[in-house]
1. Pairs please, first residue from segment 11-37 and among the aromatic types (Phe, Trp, Tyr), second anywhere and modelled with pLDDT of 95 or more and exposed (fewer than 15 other Cβ atoms within 10 Å of the Cβ), Cβ atoms under 9 Å, 6+ apart in sequence or on different chains.
2. Out of all the residues in segment 83-102, is one or more charged (D, E, K, R) and at pLDDT below 95?
3. Could you give me the residue pairs with C-beta distances under 7 Å whose first residue belongs to segment 74-91 and is closer than 18 Å to Ile126 by Cα, whose second residue is not in a strand (DSSP E or B) wherever it lies, and which are 6+ apart or on separate chains?
4. Starting from residues that are in a helix (DSSP H, G or I) and out of contact with any helix residue (DSSP H, G or I) (no Cβ under 8 Å at 6 or more places or on another chain), keep the ones in segment 96-122 and report whichever is nearest to Lys9 (Cα to Cα).
5. Taking segment 8-41 as the search range and keeping residues that are part of a strand (DSSP E or B) and polar (S, T, N, Q), which one is most open to solvent (accessible area, probe 1.4 Å)?
6. Looking at this structure, is Arg60 open to solvent by 40 Å² or more (accessible area, probe 1.4 Å), without any contact (Cβ under 8 Å) to a residue 40 or more places away in the chain and within 15 Å of the chain's Cα centre (by Cα)?
7. Tell me which residues, restricted to segment 63-95, are outside any helix (DSSP H, G or I), open to solvent by 40 Å² or more (accessible area, probe 1.4 Å) and under 20 Å from Gly130 (Cβ atoms).
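The values are calculated or read from the model by the stated rules, or taken from the named source; none is laboratory data. All figures in this text were calculated on a predicted structure; none of them were measured in a lab. Here the Cβ positions follow ideal geometry from the backbone for every residue, glycine too, while neighbour counts run over all protein chains shown. We work out accessible area using only protein heavy atoms, side chains counted, and drop any ligands, DNA or RNA first. Shrake-Rupley method; radii C 1.70, N 1.55, O 1.52, S 1.80 Å.
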Amino acid sequence: MAHMRQNLKTERAQSRGYSQAVVTEGGRTVWLAGVVAGEDSGGRLLTGDFDGQVREIFARLGRTLEEAGGRLADIVTMTVFITDARYGDRFTQLRCEIFGDDFPASALITVAGLARPDFLVEVQGIAVIG
């Protein structure tokens, strides 16, 4: 069976950088563990750098998906944990920049803390690779 993906879009969801739903048929499912980023790939500390942590998290997710034979665009849903609700709009902007127009389904949850105090965001997801 050929892999099929359809993003169900609403104007509100698109403006917030997510799809209302993503329908897939066929393909291989990849369950992505939660990813955080205390430093970037060059070893630079990302303490207090929300944008840097988000960009590095998506870079790490992309590398993991490449190892599995896929790419970042194969993510169909994600759960995002942020430690400060004020980061929500910025996360949306970055996700729009990273994903373009076909967004994964998503939940954005504010939490009291993550595994280490310097982590500001964590992302876990599910991808379907065709």
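1. From segment 11-37, the pairs are Tyr18/Ala107.
2. At the first step, the residues of segment 83-102 found to be charged (D, E, K, R) are 84, 86, 89-90, 95, 97, 101-102.
Imposing the further condition that a residue be at pLDDT below 95 reduces the set to 101-102.
Yes, because at least one residue in segment 83-102 is charged (D, E, K, R) and at pLDDT below 95.
3. Asp74/Leu65; Ile75/Pro104; Val76/Pro104; Thr77/Pro104; Met78/Pro104; Val80/Phe91; Phe81/Val111; Phe81/Leu114
4. The first filter runs over segment 96-122 and keeps only residues in a helix (DSSP H, G or I), leaving 96-99.
Next cut, out of contact with any helix residue (DSSP H, G or I) (no Cβ under 8 Å at 6 or more places or on another chain) only: 96-97.
Values: Cys96: 14, Glu97: 17 Å.
The selected residue is Cys96.
5. Step one: of segment 8-41, the residues part of a strand (DSSP E or B) are 8, 21-25, 28-35, 39.
With polar (S, T, N, Q) added as a condition, the list becomes 24, 29.
Values: Thr24: 52, Thr29: 71 Å².
Step by step, filter segment 8-41, then rank; the result is Thr29.
6. Values: open to solvent by 40 Å² or more (accessible area, probe 1.4 Å): yes; without any contact (Cβ under 8 Å) to a residue 40 or more places away in the chain: yes; within 15 Å of the chain's Cα centre (by Cα): yes.
Here the answer is yes, as Arg60 does meet what is asked.
7. Gly69, Arg71, Thr77
Okay, residues lined up against (1) of a type in the set (S, T, N, Q); (2) more than 15 Å from the chain's Cα centre (by Cα):
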| site | (1), (2) |
| --- | --- |
| Val23 | no, yes |
| Trp31 | no, no |
| Gly42 | no, yes |
| Thr47 | yes, yes |
